[in-house]
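What follows is a single structure, written as structure tokens, with notes after it.
We did not get these values from a lab; they are worked out from the coordinates using the rules stated. Predicted, not measured: the structure shown is a model, and the values here were computed from it. Ideal geometry is used to build each Cβ from the backbone, glycine not excepted, and the neighbour counts take in all protein chains shown.
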Amino acid sequence: MALSKPITSKLKERSRTFHEEWEMQYCFTESKALKPICLICSTTIAVAKKYNLERHFKQNHSSINKNYPEGSSLRAEFIKKKKKKYLVSRICL
Ligand SMILES: [Zn+2]
């Protein structure tokens with residue numbers, strides 16, 4: 001709907017390295033400290049590099065891809081639930 005983006009959003013995003021698609025791909029979201037945090041085991045990755053997230057996901061949560069295939073609605077639902085849980089726990093802390 002919005003055709004023009006405010007200029008300030010560009011400046012804000014300058015230092016951000018987290019990519020939104022990592023959420024669906026590797027079950028990561030961005031923590032308060034702007035570091036990628038695993039939605040499954042709450043592990044924080046120090047360096048927001050795709051390789052680091054991919055490695056963590058494959059080594060620790062490879063079953064997710066079997067049970068919730070990438071791109072499926074099952075996967076989307078799973079991530080949504082995990083993220084909600086994470087956001088709630090973040091408020092409580
Ligand atoms: Zn994890």
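Going through region 27-54 one residue at a time, which ones are surrounded by fewer than 17 Cβ atoms within 10 Å (Cβ to Cβ) and either within 11 Å of the ligand (Cβ to nearest atom) or within 21 Å of LYS85 (Cα to Cα) (or both)?
Taking region 27-54 first, the residues surrounded by fewer than 17 Cβ atoms within 10 Å (Cβ to Cβ) are 31-35, 41-44, 46-47, 49-52, 54.
The answer is SER31, LYS32, ALA33, LEU34, LYS35, CYS41, SER42, THR43, THR44.
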Seminar exercise, completed: SER42 vs (1) touching a residue at least 40 places away in the same chain (Cβ under 8 Å); (2) over 18 Å from PHE78 (Cα atoms); (3) of a type outside the set (A, V, I, L, M): all pass except (2)
For this session: Please work out if ALA33 is under 12 Å from TRP22 (Cβ atoms) and in a loop (DSSP other than H, G, I, E, B).
Result: no
